[in-house]
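All remarks here apply to the structure that follows.
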Amino acid sequence: MEKVEAQPLTVMDTLRTCTQDLHTDAEGQDFQRSMGTGNVQREPFIKYLGQLYYMHKHIADLLEKHRDMPAIQKVLKPYHQDLTCVTNDLAYF
């Protein structure tokens, strides 16, 4: 029988594994269910967009700060730091 070596986890594999419980919990919330059905109210949605903006801004700042790390260089793309979509969504409301 041929021996198969285990592949090291990528940054994305680690992130996926470490946040799985948080994703599962979030999907069970009333707001997430209302988003899935398209029946979300305006004010909670605007608050949600604001939270998305701060989360993406923080991640973009961290990616910039650590852009010279080999693990970050392997996965970093210009669109990872682009806040245009969430900024445009917030401006719409």
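Just so you know, all these numbers are worked out from the coordinates, no wet-lab data involved. All figures in this text were calculated on a predicted structure; none of them were measured in a lab. Every residue, glycine among them, receives a Cβ derived from its backbone with ideal geometry; neighbour counts consider all protein chains shown.
The table below lists the values:
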| item | result |
| --- | --- |
| Between helix 11-27 and the chain: long-axis angle, C-alpha atoms, 0 to 90°, nearest 10 | 30 degrees |
| Whole-number percent relative contact order across the chain, with pairs defined as alpha carbons under 8 Å at least 6 apart | 26 percent |
| Helix-only mean residue ellipticity at 222 nm for the chain, each DSSP H run of n ≥ 4 adding -39500 (n - 2.57), per residue, nearest 500 | -21500 deg cm²/dmol |
| Under 12 Å, Cβ to Cβ, from I59 - net charge with Lys/Arg +1 and Asp/Glu -1 | -1 |
| Paramagnetic reach from F45 (point 7 Å along Cα→Cβ, amide N under 17 Å) across the stretch 51-93 | 51-53, 85-93 |
| Förster-model FRET efficiency, 22 Å R0, Y54 and C18, C-beta, rounded to 0.05 | 0.60 |
| Cα long-axis angle, helix 42-65 against the chain (0 to 90 degrees, to the nearest 10) | 30 degrees |
| Pairwise Lys count, the chain - Cα closer than 30 Å, eight or more residues apart or different chains | 9 |
| Formal net charge of residues neighbouring G50 (Cβ-Cβ distance under 12 Å; K, R +1; D, E -1) | 0 |
